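The values are calculated or read from the model by the stated rules, or taken from the named source; none is laboratory data. Nothing here was measured: the structure is a model prediction, and the numbers come from that model. No Cβ is skipped: glycine too gets one built from the backbone with ideal geometry, and neighbour counts run over all protein chains shown.
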């Protein structure tokens with residue numbers, strides 16, 4: 001993951017992406033026990049978001065560093081990295097408000113716990129609900145914090161349903 | 001409490017204790033298990049297909 005962090009910082013300093021933040025399971029593991037995941041997911045803000053091939057410059061840059069595509073991902077050391085352009089006001093805000101963590105001496109931007117939980121709430125698969133529960137159990141985020149952020153992104157109803165289904169006695 | 005319940009509780013305690021590992025350590029664990037998880041997922045896929053060819057009655 002250190003190599004991934006170096007690559008992401010290079011992508012940003014070269015202007016290929018305007019910003020990035022690790023999210024998904026790899027980001028979740030900052031707070032919870034290790035979880036199985038097939039890849040490292042990275043939200044990216046690209047300069048030309050309207051283009052169909054908006055990730056082409058990212059892939060081209062990776063190729064110059066010797067990192068080649070593997071399915072829908074780019075293989076970087078042990079990790080297939082999946083680049084996901086921001087796709088909603090919620091994911092845009094998640095990147096904007098991301099924290100810069102230290103990963104073995106390399107800065108790595110990571111989506112905050114509250115955003116991880118609300119993104120998971122919005123995706124709403126079984127494993128996403130498990131992520132919300134794991135983050136709550138870790139103490140990295142509170143029900144109130146999730147509720148506030150969910151309400152700010154038109155997910156208040158989804159949060160009420162989640163609480164009713166999984167948290168209320 | 002049955003032996004199985006005790007075993008599951010111990011397993012749960014151990015798993016939760018791993019949350020206190022450093023983030024790079026947890027990422028390394030996930031990376032080491034990634035290939036195994038992928039293999040099990042590949043192995044699982046054929047089991048989801050019908051065992052008998054379409055149109056042939058199941059015995």
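State yes or no: is residue A:106 modelled with pLDDT of 95 or more, under 13 Å from the mean Cα position of the chain (by Cα) and surrounded by 12 or more Cβ atoms within 10 Å (Cβ to Cβ)? Answer is no for this residue. Listed conditions (1) out of contact with any strand residue (DSSP E or B) (no Cβ under 9 Å at 6 or more places or on another chain); (2) assigned by TED's automatic domain parsing to the domain that holds residue A:17 are all met by residue A:79, apart from (1). Do you know which residues across the range A:9-23 are more than 14 Å from residue A:85 (Cβ to Cβ) and crowded, with 23+ Cβ neighbours inside 10 Å? The answer is A:22, and nothing else.
Can you tell me which residue in the range A:31-79 is farthest from residue A:113 (Cα to Cα), limited to those that are at the interface with chain B (Cβ under 9 Å from one of its Cβ atoms) and under 12 Å from the mean Cα position of the chain (by Cα)?
Going through the qualifying residues, I end up with A:39.
All told, residue A:73 falls short of being out of contact with any strand residue (DSSP E or B) (no Cβ under 8 Å at 6 or more places or on another chain) and either buried (at least 20 other Cβ atoms within 10 Å of the Cβ) or not assigned by TED's automatic domain parsing to the domain that holds residue A:134 (or both).
The rows are residues; the columns are (1) touching a strand residue (DSSP E or B) at 6+ places or on another chain (Cβ under 6 Å); (2) under 16 Å from residue A:41 (Cα atoms); (3) without any contact (Cβ under 8 Å) to a residue 12 or more places away in the chain.
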| residue | (1), (2), (3) |
| --- | --- |
| A:89 | no, no, no |
| A:97 | no, no, no |
| A:106 | no, no, no |
| A:111 | yes, yes, no |
| A:122 | no, no, no |
| A:127 | no, yes, yes |
| A:138 | no, no, no |
| A:166 | no, no, no |
